[in-house]
Each structure stands twice: as structure tokens, then as C-alpha cells.
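Asker: After the C-alpha cells below, expect a handful of questions from me.
All of the numbers you see were taken from the coordinates with simple rules; none came from a lab. These numbers come from a predicted model, not from an experiment. Here the Cβ positions follow ideal geometry from the backbone for every residue, glycine too, while neighbour counts run over all protein chains shown.
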Amino acid sequence: MKIRQDLSIGENLRRLRDRAGLTQEQVAAQLQVMGLAVSREMLSQMERGKYNIRVSELKGLKEIYKVQYEDFFEGI
């Protein structure tokens, strides 16, 4: 079985942020308070699928967006 390497959760990240009613700047600031060095630019790249998100960042986003991990992978 071959695993696809071109999958991106970027659209889901943007959808979840929009659903939470937060801007990229607000999310980046909350991640920084959690001790994660994520800028607005990095978050933008995550949402465009141009940045390989780390597990620690995904965990932080899960807490901020108040979602389950499955929500990040919906439709993939």
C-alpha cells in the first residue's frame, strides 16, 4: 500500500479558524502564549499547505479551536 504524500490539512485549518471566529494574528498570539514560536506568516503557510505542521502546533490548535483531532483530517 502506497501512502500519499501530497495531502494537506490547510483548508481544514482555515475552516476551523473561521468557525472559531479568530484571525490568524489572534491564533498566532495564543500559540505564542503556549510557548510555540508560530508567527502569523507561519499560520498562513499552514493554511495554504506550504508548511509542515508539527505535532505540538497541531495540539495547540486543537486546544484553541476546541475540536477533536479528527476535525483536522475531515474529507481527507
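Asker: In nm, to one decimal, how far is the Leu7 label point from the Met34 one, both placed 7 Å along Cα→Cβ?
Answerer: 2.1 nm
Asker: Also, quick follow-up: So how do Met42, Met34 line up by other beta-carbon neighbours within 10 Å, fewest first? Walk me through the numbers before you get to the answer.
Answerer: Working: Met42 18, Met34 15.
So the ranking, lowest neighbour count to highest, is Met34, Met42.
Asker: Using the crude model of +1 on Lys and Arg Cβ and -1 on Asp and Glu Cβ, and no other charge, please compute the dipole size for the chain relative to its Cα centre, in debye to 20. Could you put the intermediate results ahead of the total?
Answerer: Details: 13 positive and 11 negative charges, 24 e Å.
Dipole of the chain, to the nearest 20 debye: 120 debye.
Asker: Let me ask something additional. Determine the relative contact order of the chain: mean sequence separation of Cα pairs under 8 Å and six or more apart, normalised by residue count, in whole percent. Intermediate values should be presented prior to the final figure.
Answerer: Values: 58 pairs, mean separation 29.6, N = 76.
Relative contact order of the chain: 39 percent.
Asker: Can you give the extra length, in nm with one decimal, that the chain gains between Gln68 and Arg54 once fully stretched, where that is 0.36 nm per residue apart less the Cα-Cα distance?
Answerer: Length difference between fully extended and current span is 3.4 nm.
Asker: Could you tell me the ratio Rg/Rh of the stretch 10-72? Both radii from Cα atoms, Rh via Kirkwood.
Answerer: Ratio value, two decimals: 0.90.
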